[in-house]
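The values are calculated or read from the model by the stated rules, or taken from the named source; none is laboratory data. Treat the numbers as computed from the prediction; the structure is a model and nothing was measured. Cβ atoms come from the backbone with ideal geometry, glycine included; neighbour counts cover every protein chain shown. To get the accessible areas, we keep the full protein, side chains included, count just its heavy atoms, and leave off ligands, DNA and RNA. Shrake-Rupley method; radii C 1.70, N 1.55, O 1.52, S 1.80 Å.
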Amino acid sequence: MGTAQEEFHAGLTALGQNRVQHALSAFELAARLAPRAAPAHHMVGVALQRLGRLAEADRAISQAIALAPGVPGFYSNRALVRCGQKEYDLAAADAETALQLSPSHVGALCNLGLAQLGSERYAAAAAAFIRLIKAAPDFAAAYDNASLAVRSIKDSDTALAAATAFAAAAPGSYLAH
C-alpha cells in the first residue's frame, strides 16, 4: 500500500491501460487514505461509470462535488453518468453548471447536447453541439450528434435555422450540408 497520491497515480495509469477494475481499486484506496481528496472520489466515480455502475458513480462524483464544488469536470462527468441513468434534466443542469464555471468546457457541451437529445429537446441539443463544434472542431462525434438533432426537429422553420447554423459552424462537413 502506497500513499494516497501513489495510489491515485496508479489508478490513472491503470485507467489509461483500460484496466478499469484495477483503477477502481486504486482510486478507492486513495479516497480512503485521503477522504477529503475530491479528485480521488471523482475518479472512483469515473471508474464506476466505465464499469456500468451508474448509481454508485453518481454518489462518488457527488461526494467529489461536495468537497470541491468549483470543478467543472466533476459536473460534466456527473452529467454523463446521469444521461446513462436517463435523468436528462439533472444531467442538463450539471452540464449547465459546468459551463457556468468554464463556458467552453468540451465535455460539458457534449453532455449538455446528449442530455437534451435524451429529453427530446432537439433544437437545444443542436445548439449545444454547434457550440461544441465551434469550441472543438476536431470533436468528430459532435457532427454526428448535431446532424441527428437537426434531423429530429419537427418544426420546419426551427429545423432550417438549426441546419443553417450547423452549416455555418461546419462549412466543410458533408453532414452539415
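If the condition is being over 20 Å from residue 115 (Cβ atoms) and charged (D, E, K, R), then segment 136-174 contributes 138, 155, 157. Going through (1) open to solvent by 10 Å² or more (accessible area, probe 1.4 Å); (2) under 21 Å from residue 104 (Cα atoms); (3) small (Gly, Ala, Ser) one by one, residue 76 falls short only on (1). Among the numbered conditions (1) in contact with a Lys or Arg (Cβ under 9 Å, 6 or more places away or on another chain); (2) in contact (Cβ under 8 Å) with a residue 40 or more places away in the chain, the only one that residue 111 does not meet is (2). Among residues of segment 68-91 that are at negative phi and of a type in the set (Ser, Thr, Tyr), those with a beta-carbon under 8 Å from a residue that is assigned to a loop (DSSP other than H, G, I, E, B) and at pLDDT 95 or above at least six positions away or on a different chain give the pairs 76/105; 88/119. Meeting the requirement of 3 or more residues that are at pLDDT below 90 and touching a Phe, Trp or Tyr at 6+ places or on another chain (Cβ under 8 Å), the helices (runs of 4 or more DSSP H) wholly within segment 76-177 are 140-152. Against the list (1) assigned to a helix (DSSP H, G or I); (2) at pLDDT 95 or above; (3) farther than 23 Å from residue 20 by Cα, the condition residue 69 fails is (1). Across segment 17-55, the number of residues qualifying as open to solvent by less than 70 Å² (accessible area, probe 1.4 Å) and part of a helix (DSSP H, G or I) comes to 24.
A quick yes/no check of all residues on (1) under 30 Å from residue 71 (Cα atoms); (2) surrounded by fewer than 16 Cβ atoms within 10 Å (Cβ to Cβ); (3) without any contact (Cβ under 8 Å) to a residue 60 or more places away in the chain:
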| site | (1), (2), (3) |
| --- | --- |
| 101 | yes, no, yes |
| 115 | yes, no, yes |
| 122 | yes, no, yes |
| 125 | yes, no, yes |
| 146 | yes, no, yes |
| 155 | no, yes, yes |
| 158 | no, yes, yes |
| 163 | no, no, yes |
| 166 | yes, no, yes |
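Name the residue that is farthest from residue 145 (Cα to Cα), counting only residues in segment 61-91 that are within 10 Å of the chain's Cα centre (by Cα) and among the small types (Gly, Ala, Ser). My answer is 73.
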